[in-house]
Amino acid sequence: MWLGLIGLISFASLLWFWSTGRDSSPVDDAGVRLEVDVDAYRNPPSDEVASAAEEIDVVEDLSEPVGEVTPVAERADQGWVDRVSTVTGVPSRAMHAYAGAALWLAEENPSCGIGWNTLAAIGEVESHHGGIDGNVLLPDGHPRVRIIGVALSGEGVARIRDTDGGVLDDDPEWDRAVGPMQFIPATWSQWAADGNGDGVRDPQQIDDAVLAAARYLCFAGGDLSVPGNWISAVTAYNHSIEYNNRVAEVADRYRLLAEGQ
């Protein structure tokens with residue numbers, strides 16, 4: 001979630017992206033056809049389990065559901081994850097988080113329509129799915145080494161004084177973006193989520209981070225099947241022309257690969 005400038009070129013290029021390759025098929029939040037609809041990659045529920053950026057001032061009630069809830073990583077069908085992970089190159093553990101968070105939001109906020117490929121595109125641009133600088137996601141969804149960005153000291157980046165006492169980013173002077181989805185501490189304090197059901201809201205844990213990102217994007221954009229809303233949501237995540245275009249390109253590429261094109 002980095003600050004930058006927004007120009008007409010961003011909107012022009014993204015509206016071109018929206019105007020190409022669309023048909024009457026169901027579309028995902030990036031305005032492109034999903035390889036399958038959300039129910040096709042949903043993990044069938046078991047009898048034992050009951051069937052979650054930049055700062056925004058107003059936050060919805062984000063308390064986790066009461067009762068037993070299927071964790072993010074257990075929601076997507078394993079066969080679908082294996083196949084799409086193979087063709088896209090997205091690590092399986094990360095793909096479980098992206099697909100699972102999209103499925104979670106399909107239940108929690110069905111009017112949003114966020115798709116796995118937009119979440120995966122943001123994860124790729126932000127941290128290479130937790131693999132930045134040779135890192136790797138562990139089976140529990142944490143990176144082997146904590147992901148902490150550069151100091152937001154105003155030198156080529158936003159200027160954000162410390163807001164968390166260095167608890168999340170080990171820096172008591174400046175804030176730094178943290179985790180695979182690169183939340184700044186102040187934003188995490190508003191949107192923190194518990195996607196893996198361990199009772200801890202940890203921006204370094206990919207299920208927690210992706211669920212929080214999905215909720216943030218839905219709040220910022222509303223119905224993400226509307227082109228302008230999708231642009232607004234991604235812009236809220238990072239105010240940058242280049243960032244908008246990169247996320248759109250990666251989201252579309254993942255969609256095409258998942259479709260076998």
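The values are calculated or read from the model by the stated rules, or taken from the named source; none is laboratory data. Everything numeric here is computed off the predicted structure, so don't read it as measured data. Don't worry about glycine lacking a Cβ; one is built from the backbone with ideal geometry, like all the others, and counts go over all protein chains shown. These accessible areas exclude ligands, DNA and RNA; they are computed on the full protein's heavy atoms, side chains included. Shrake-Rupley method; radii C 1.70, N 1.55, O 1.52, S 1.80 Å.
Sticking with the crude label model, points 7 Å out along Cα→Cβ, report the distance from SER189 to ARG159 in nm, one decimal please.
2.0 nm
Report the calculated FRET efficiency for ILE148 and GLU249 (r = Cβ-Cβ distance, R0 = 25 Å), to the nearest 0.05. Numbers along the way, then the final one.
On the way: r = 27 Å, r/R0 = 1.07.
My answer for the efficiency is 0.40.
Per residue of the range 178-187, in order, report the coupling 6.51 cos²θ - 1.76 cosθ + 1.60 (Karplus, θ = phi - 60°) as ³J(HN,Hα) in whole Hz, putting x for Gly and Pro.
10, x, x, 9, 6, 7, 7, x, 5, 6
Apply 1/(1 + (r/R0)^6) to the Cβ-Cβ distance of ARG83 and GLN261, taking R0 = 25 Å, and write down the FRET efficiency to the nearest 0.05.
Taking R0 as 25 Å, the efficiency between ARG83 and GLN261 is 0.95.
What whole-number value in Å² describes the accessible area per residue of the range 71-200 for a 1.4 Å probe?
38 Å²
Looking at the range 155-253, which GluC sites (Glu not before Pro) are in a loop (DSSP not H, G, I, E or B) and have at most 11 other Cβ atoms within 10 Å?
GLU155, GLU173
May I have the pair-distance distribution P(r) for the range 120-163, computed from all Cα-Cα distances with 5 Å bins from 0 and rounded to whole percent?
6, 20, 21, 19, 18, 14, 3, 0
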